[in-house]
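Contents: one structure, followed by commentary.
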Amino acid sequence: MSDTAPSVPGSADDPEVVRLRAEAEAAEAELRLARARADLAAAEAAAAKARAAAGDVAAPTAAPEPPPAPTAPLSDAQVAAIAAGYAGAGAALDLGVLVNGGPVASVPVRIPLAMTNRHGLVAGATGTGKTRTLQLLAEQLSAHGVAVFAADIKGDLSGIAAPGVSSEKLLARTSALGQDWTPRAYPTEFYALGDDAASGIPVRATVSGFGPLLLSRVLGLNATQESSLGLVFHYADEKGLALVDLSDLRAVLTFLTGDEGKSELKQLGGLSGATAGVILRELVAFSAAGADTFFGEPELDVTAFLRTTVAGEGVVSLLEVPNVASRPALYSTFLMYLLAELYEVLPEVGDLDKPKLVFFFDEAHLLFRDASKAFLAAITQTVRLIRSKGVGVFFVTQTPKDVPADVLAQLGSRVQHALRAFTPDDATALRSSVRTYPASGYDLERVLQELGTGEAIVTVMDERGTPTPVAWTRLFAPRASMSPIPGADLAAAVSASPLFATYGTPIDRESAREILATRMQAATEAKEAAERAKQAAADEAEYAKQKAAIDKAHAEAQKKAQREYDRLLKGTAAPRSRSSAPASPLDDLLGRGSTKTILNGVIRGLFGTGRRR
């Protein structure tokens, strides 16, 4: 073959070289056959037109003229290079086969299993097949013993718990791709944000575990308010106030802005009463929107997402969030919280042959929209470092521009479905996306707009960690159902889960709200007791004052009465002698003068004496 690369001396007996050469020859033969058939169809069509124009035969009317076969954009050498780039010896996820005018079944496009923890991106316009690609990857990861976490935005992914349904159209597609398709289901666990137990096992988080940075993102706080909220969290931690749910945080803020906590608020330095009031109002509005159900206990142990079955298959954990449109910021931030928790609790393991968990972040644009610099820095750091914990992250969104450049730089695999360019901004975004790809044999600006549903432009990291050639790929069909499972089946699966007994019922333990309520109650009672004591003292003083006044008035009255008595006595009595002897009762009766006359007469009569004159 003139187009193939020359053999390296001494490598003729290398099994890998022999295998790659055989695959390249097979790909070249299939490509030549496709081209020959296309040329034959074109020649037959041209001859039919010529005969019809010359009047030799009537133009066919029974069947329309077959369309010409699409032109193959790649040369034989380029096809061989793509085949070699994706021909790894280790375990891999089979995405599909190369498209070069038509599907080339002998050139599979695969992602090495060991490279799935180098993260990836699945992008494309609405309706181009992103969800089916996510399902295809999740199924194969589970089959290889890797646990999977994904958010089920529209409920479509719930069908992974049921086997797929065969159809003529499906079998025609899989046969053309050389896919040995058989229906099967995969072990699945369903989760739900909050207390919606009918949709899944409740996933709750404590406010302390959620942290001020993520909560600020949900509340839409500015940088100043975000730092102030961090001070509130620090204060609660220092004082032993557990922030379990939003009512706990509201209680702390209410305390700090109230009369009892003003002195402690001043000690927090950068936290002003006005800022605390703004945060409190945002929390009240957030709670009114129904967010209270997402915070509380028992807090989910995120290691539950890493489970495998007895047979060694990875459990697919689906977070059912059909109402994401009503709480987009909460949804995306909650997923980021789960990812951050995984980073915190998992040990360092380095590079593994296969990851412990692959985390699919659907609707990723919601996470990065209006995000602060601190938040973006936290995401970038988490994505960069979580690989060593054995976790791979795939962002699923509409266009690559939805993901910041610092995050894109961490991604090793890329599955790009069709992009649309209806506006100047779309065209700019398309050209920007094209510039991020390595050199290829495609006119990517055109091809990305011509991709059919279930087709994608793929480039991944090979087993050596180098980028593979860009490949126009027709993706395989998932083996599980591509339709949602019935609600009754989902509810039965949730109630039968061993995790439901642990996380199904909420717990309300003593936390900041109860502690502060007790403290404020004690302070109120102490204040009331002090006020009562003060009032009692005031009442006692007033009583003593009034008693003294009454006693004084009584004494004055007695004195006045005595004076009046004495006056009256003086007014009715005869002049007294110098003797101070008290008057006898007879004096009162007869008067002092009469008494003396009688006594004198009696004495003279008794002793026979009389006063001489």
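The values are calculated or read from the model by the stated rules, or taken from the named source; none is laboratory data. Keep in mind it's a predicted model, so treat the numbers as computed, not measured. No Cβ is skipped: glycine too gets one built from the backbone with ideal geometry, and neighbour counts run over all protein chains shown. Side chains are part of the model used for accessible areas, which takes the heavy atoms of the whole protein and leaves out ligands, DNA and RNA. Shrake-Rupley method; radii C 1.70, N 1.55, O 1.52, S 1.80 Å.
Using the Cβ-Cβ distance between residue 534 and residue 272 with R0 = 30 Å, the FRET efficiency computed as 1/(1 + (r/R0)^6) comes to roughly 0.35. Look at the alpha carbon pairs under 8 Å that are at least 6 residues apart: their mean separation over the length of the range 325-462 gives a relative contact order of 24 percent.
Taking a straight Cα-Cα cut-off under 22 Å and skipping sequence neighbours fewer than 8 places away in the same chain, the lysines within cross-link reach of residue 130 are 154, 169, 401.
Look at the dipole of the range 379-512 built from charges on Cβ: of 505, 440, 494, the Cα furthest out on the positive end belongs to 440. In a simple Cβ point-charge model (Lys, Arg +1; Asp, Glu -1; nothing else charged), the range 72-180 has a dipole of about 200 debye relative to its Cα centre. Highest mean packing comes first when the peptides 418-427, 78-87 are listed by Cβ atoms within 10 Å, giving 78-87, 418-427.
Measuring only protein heavy atoms, the 1.4 Å probe finds residue 262 accessible over about 100 Å². A full extension of the chain between residue 222 and residue 522 corresponds to an added length of 104.4 nm, given 0.36 nm per residue minus the alpha carbon distance. Please work out the C-alpha center-to-center distance from the range 113-149 to the range 476-509 and express it in whole Å. Cα centres, the range 113-149 to the range 476-509: 20 Å. From most to least packed by mean Cβ count within 10 Å, the peptides 286-299, 532-545 give 286-299, 532-545. On the beta carbon distance between residue 428 and residue 508, with R0 = 51 Å, the FRET formula returns roughly 0.45. Relative to the Cα centre, the charge distribution of the range 283-437, modelled as +1 at Lys and Arg Cβ and -1 at Asp and Glu Cβ, gives a dipole magnitude of about 660 debye.
Overall shape: prolate for the range 346-436, with the ratio a/c of the largest to smallest alpha carbon gyration tensor axis at 1.5 or above and a/b above b/c. Extension gain, residue 559-residue 572: 0.36 nm per intervening residue step, less the Cα-Cα distance, totals 2.7 nm.
Just the number, please: Stokes-Einstein D of the range 251-349 in µm²/s, Kirkwood Rh from C-alpha pairs, 25 °C, 0.890 mPa s. It diffuses with D of about 143 µm²/s by this estimate. Within the range 218-258, none of the chymotrypsin sites (Phe, Trp or Tyr not before Pro) combine a DSSP coil assignment with at most 14 other C-beta atoms in a 10 angstrom radius. For the range 189-306, the relative contact order works out to 35 percent when only alpha carbon pairs closer than 8 Å and six or more residues apart are counted.
Charge dipole of the range 410-537 (Cα centre as origin; +1 on each Lys and Arg Cβ, -1 on each Asp and Glu Cβ, all else neutral): 220 debye, rounded to the nearest 20. Less than 17 Å apart at the alpha-carbon level, and either on another chain or at least 8 residues along: which lysines does that give for residue 545? Reachable lysines: 534. Listed values for the range 436-442 are Karplus-derived 3J(HN,Hα) couplings in whole Hz (6.51 cos²θ - 1.76 cosθ + 1.60, θ = phi - 60°), namely 7, 8, x, 4, 8, x, 9, and x replaces Gly and Pro. For the range 235-292, the square roots of the Cα gyration tensor eigenvalues, ordered a ≥ b ≥ c, give a/c of at least 1.5 with a/b no greater than b/c, which places it in the oblate category.
When each of the peptides 90-96, 518-524, 244-250 is scored by how many other beta carbons lie within 10 Å of its residues on average, the order from highest to lowest is 244-250, 90-96, 518-524.
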